[in-house]
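Participant: Got a structure here, written out as structure tokens. Questions coming.
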Amino acid sequence: MTYSILTLDQDTGIFAAAAATGNLCVGGWVLRGDIESGLVASQGTAPSTFWRDEVLRQMHRGTDAEVAIAHVLQSDPGRGHRQIIALDRKGGTKGFTGGDSIAFADHYCEEGLAVAGNMLTGQAVLDALISATRNSKATAVNRMLTALAAADAAGGDTRGLVSAAILILDPHRPPLDLRIDCHETPIAALKQLCDRAHGHPYHGWLGQVPVLVDRSRHP
């Protein structure tokens with residue numbers, strides 16, 4: 001029902017995530033992140049928001065992604081219908097795809113990069129997410145937008161897309177958490193929203209907001 005991507009640029013410390021689905025409100029359901037913890041994408045036929053939030057809490061305490069995911073898996077008899085990927089603050093990744101996930105469903109994890117999807121047209125969708133990210137020298141925002149579009153062009157969700165979301169966590173900037181909850185062309189709408197968020201007056205106002213490297217910043 002969904003495809004998602006989580007990344008960490010070790011040189012800049014920027015976490016970037018994106019997701020798209022053929023259902024409503026992918027940003028509200030799937031993505032969560034914290035600059036001091038990492039990123040999580042929890043999805044599937046019956047996605048667990050409890051998985052998502054607990055993994056993020058575990059990583060905030062310093063637990064790595066692998067151990068955090070193992071923790072939520074062990075006590076959930078519904079895990080066969082769920083899927084999750086996590087990226088911890090050191091760049092470690094881990095994923096799980098339940099055996100009852102609707103095909104095509106799979107995930108891929110490496111240092112600083114994790115992708116997952118279910119109810120996809122095929123492996124090419126995940127390959128497109130990975131390739132678009134690895135080969136891009138663009139900003140984090142544009143890398144995520146390009147990855148979403150590449151995955152859609154490769155076949156995407158078997159039902160088409162209804163919603164899309166992006167989450168950028170930068171030590172030097174406030175979080176960028178943008179969501180298109182229902183739209184005929186959600187990736188295009190998300191790009192328009194990103195463009196607005198990088199224009200004035202909104203972008204200028206962000207320069208007054210506390211960030212990781214300066215928690216006391218103010219006007």
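The values are calculated or read from the model by the stated rules, or taken from the named source; none is laboratory data. Predicted model only: the values in this text are computed from it and were never measured. Positions of Cβ are generated from backbone atoms using ideal geometry, with glycine treated the same way; all protein chains shown enter the neighbour counts. In case anyone asks, the SASA skips ligands and DNA or RNA and just uses the protein heavy atoms, side chains included. Shrake-Rupley method; radii C 1.70, N 1.55, O 1.52, S 1.80 Å.
Participant: Among what's in the range 146-167 and is open to solvent by 20 Å² or more (accessible area, probe 1.4 Å) and part of a helix (DSSP H, G or I), pick the residue that is nearest to residue 203 (Cα to Cα).
Facilitator: 146
Participant: Something else about it: Just wondering, is there one or more residues in the range 156-171 that are in contact with a Cys (Cβ under 9 Å, 6 or more places away or on another chain), hydroxyl-bearing (Ser, Thr, Tyr) and either at pLDDT below 95 or closer than 15 Å to residue 4 by Cβ (or both)?
Facilitator: yes
Participant: Just give me the residues in the range 6-39 being in a strand (DSSP E or B) and either among the aliphatic types (A, V, I, L, M) or over 21 Å from residue 58 (Cβ atoms) (or both), in sequence order.
Facilitator: Answer for the range 6-39, where residues must be in a strand (DSSP E or B) and either among the aliphatic types (A, V, I, L, M) or over 21 Å from residue 58 (Cβ atoms) (or both): 6, 8, 9, 14, 16, 17, 18, 19, 20, 21, 31, 39.
Participant: Further question on the same structure: Right, residue 117: closer than 20 Å to residue 55 by Cα, at pLDDT 95 or above, open to solvent by less than 10 Å² (accessible area, probe 1.4 Å) and part of a loop (DSSP other than H, G, I, E, B) or not?
Facilitator: When the stated conditions are applied, residue 117 does not pass them.
Participant: If I ask for residues that are open to solvent by less than 10 Å² (accessible area, probe 1.4 Å) and either more than 17 Å from residue 34 (Cβ to Cβ) or hydrophobic (A, V, I, L, M, F, W, C) (or both), which ones from the range 73-94 would you list?
Facilitator: Correct list: 83, 84, 85, 86, 87.
Participant: Moving on to the next point. For residue 172, are the conditions met, namely being open to solvent by 60 Å² or more (accessible area, probe 1.4 Å) and either without any contact (Cβ under 8 Å) to a residue 40 or more places away in the chain or aliphatic (A, V, I, L, M) (or both)?
Facilitator: Judged against the criteria, residue 172 is not a match.
Participant: If we keep just the residues of the range 181-206 that are without any contact (Cβ under 8 Å) to a residue 24 or more places away in the chain and open to solvent by less than 30 Å² (accessible area, probe 1.4 Å), which is nearest to residue 34 (Cα to Cα)?
Facilitator: Only one residue tops the list, namely 197.
Participant: Can I ask one more? Are any residues in the range 1-52 in contact with a helix residue (DSSP H, G or I) (Cβ under 6 Å, 6 or more places away or on another chain), open to solvent by 30 Å² or more (accessible area, probe 1.4 Å) and hydroxyl-bearing (Ser, Thr, Tyr), and if so, which ones?
Facilitator: Within the range 1-52, 45 is the sole residue that qualifies.
Each row is one residue, and each column tells you yes or no for (1) touching a residue at least 60 places away in the same chain (Cβ under 8 Å); (2) out of contact with any Asp or Glu (no Cβ under 6 Å at 6 or more places or on another chain).
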{"site": "72", "(1), (2)": "no, no"}
{"site": "76", "(1), (2)": "no, yes"}
{"site": "80", "(1), (2)": "no, no"}
{"site": "84", "(1), (2)": "no, yes"}
{"site": "87", "(1), (2)": "yes, yes"}
{"site": "91", "(1), (2)": "yes, no"}
{"site": "94", "(1), (2)": "no, no"}
{"site": "98", "(1), (2)": "no, yes"}
{"site": "108", "(1), (2)": "no, yes"}
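Participant: Output the residues belonging to the range 56-67 that are touching a helix residue (DSSP H, G or I) at 6+ places or on another chain (Cβ under 7 Å), farther than 30 Å from residue 153 by Cβ and either basic (Lys, Arg) or open to solvent by less than 20 Å² (accessible area, probe 1.4 Å) (or both).
Facilitator: 59
Participant: Which residues, counting only those in the range 129-145, are aliphatic (A, V, I, L, M) and either open to solvent by less than 30 Å² (accessible area, probe 1.4 Å) or in contact (Cβ under 8 Å) with a residue 40 or more places away in the chain (or both)?
Facilitator: Result: 129, 130, 132, 140, 141, 144, 145.
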